[in-house]
Amino acid sequence: MKEKSYIVQNIDKGIWKIPAGSNIYLLRLDEPIVIDAGERSKRKEAEFIEHIIDPRMVRKVIFTHLHYDHIGNFDLFPNAEFFASEEEIESFKKDPEGTVLNKEMAEKFQKAELKPVSRINNPKIEIIKTQGHTKGSICIYLREQQILFSGDTIFKEKVLGRTDLPNSLPEEMPKSLMKLINYPFKILCPGHDY
Ligand SMILES: [Zn+2]
């Protein structure tokens, strides 16, 4: 039976998934952190976050990359700092629409003050640079729980993310996949459930 798209799933202790165009992950570590913000038109689903936590409590939102379907509900978190890779931030500054792949969303997202992921100071979170799907795509690894948040780099059943988009770097994808071998994840949390 196909699950209803709006159902919040508890993935592991303190980790929830909210499907909203792309998956939003909510992590209650020592501070509440969100990974990716879903697609804007799926705002209703995104508001399911409120069943778990007051969105105003979220301190950090980490974007695996800046495609429109991963940043859509960024302003649901008024008190959060926003993080993306240096490459992704640079790409957005140079060409907002080409980075976000949606004009309206690119304009809205100008409001977000982006900080480089290197400034995230949380020993539980490891950032892995995985160029390919985009110039600045990252994966996020929780070593303690052995959970990998893979954005659009890999999906379940060995399905890989697209590398034919305007800001993709297809030649980097094999290297990125080799890097991920070093991360023995027990749970994969991809950007989409393809
Ligand atoms: Zn993407």
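No lab work stands behind these numbers, since they all come straight from the coordinates. Here the structure is a predicted model, which is why all the values come from computation and not from measurement. Heads up, the Cβs are rebuilt from the backbone with ideal geometry, glycines too, and the neighbour counts pull from every protein chain shown.
Of the Cα atoms belonging to the range 9-190, the radius of gyration and Dmax stand at 14.9, 42 Å. Using the charge dipole of the range 9-190 (Lys, Arg: +1 at Cβ; Asp, Glu: -1 at Cβ; taken about the Cα centre), state which of Leu148, Ala112, Leu169 has its Cα farthest towards the positive end. Checking the options against the dipole of the range 9-190, the answer is Leu148. Extension gain for the segment Glu90 to Asn182, taken as residue separation times 0.36 nm less the Cα-Cα distance, is 30.4 nm to one decimal.
So how much slack lies between Glu47 and Asn10, counting 0.36 nm per residue of separation and subtracting their Cα-Cα distance, in nm? Additional length available on full extension: 11.7 nm. Restriction of the trypsin sites (Lys or Arg not before Pro) in the range 66-159 to DSSP coil positions whose beta-carbon has at most 14 other beta-carbons within 10 angstrom yields Lys124, Arg143. Report the calculated FRET efficiency for Val159 and Glu126 (r = Cβ-Cβ distance, R0 = 22 Å), to the nearest 0.05. E(calc), rounded to 0.05, equals 0.40. Summing charges over neighbours of Asn23, with a neighbour being any other residue whose Cβ is under 9 Å away from its Cβ, gives -1 when K and R count +1 and D and E count -1.
Could you tell me the distance between the Cα centroids of the range 30-104 and the range 135-157, to the nearest Å? Taking the Cα centre of the range 135-157 as reference, the centre of the range 30-104 is 16 Å away. Each residue, Lys175 and Glu104, gets one label point 7 Å from its Cα in the Cβ direction; the gap between the two is 3.8 nm.
Here the range 9-190 is assigned +1 on the Cβ of each Lys and Arg and -1 on the Cβ of each Asp and Glu. Its dipole about the Cα centre then comes out at about 360 debye.
May I ask for the longest run of the chain untouched by GluC sites (Glu not before Pro) that are loop-located per DSSP and have at most 14 neighbouring C-beta atoms (other than their own) within 10 Å?
4-112
Please report the antiparallel percentage of the DSSP beta bridges confined to the chain, to the nearest 5. Counting only bridges with both partners in the chain, antiparallel ones make up about 65 percent. Among His192, His51, His133, sorting on how many other beta-carbon atoms sit within 10 Å of each Cβ, with the fewest leading, yields His51, His192, His133. Here the label points at Glu97 and Glu81, each 7 Å from Cα along the C-beta direction, are separated by 3.3 nm in the simple model.
Work out how much length Arg28 to Arg143 would gain on full extension: take 0.36 nm times their residue separation and subtract the Cα-Cα distance, in nm to one decimal.
Going from the current span to full extension adds 39.9 nm.
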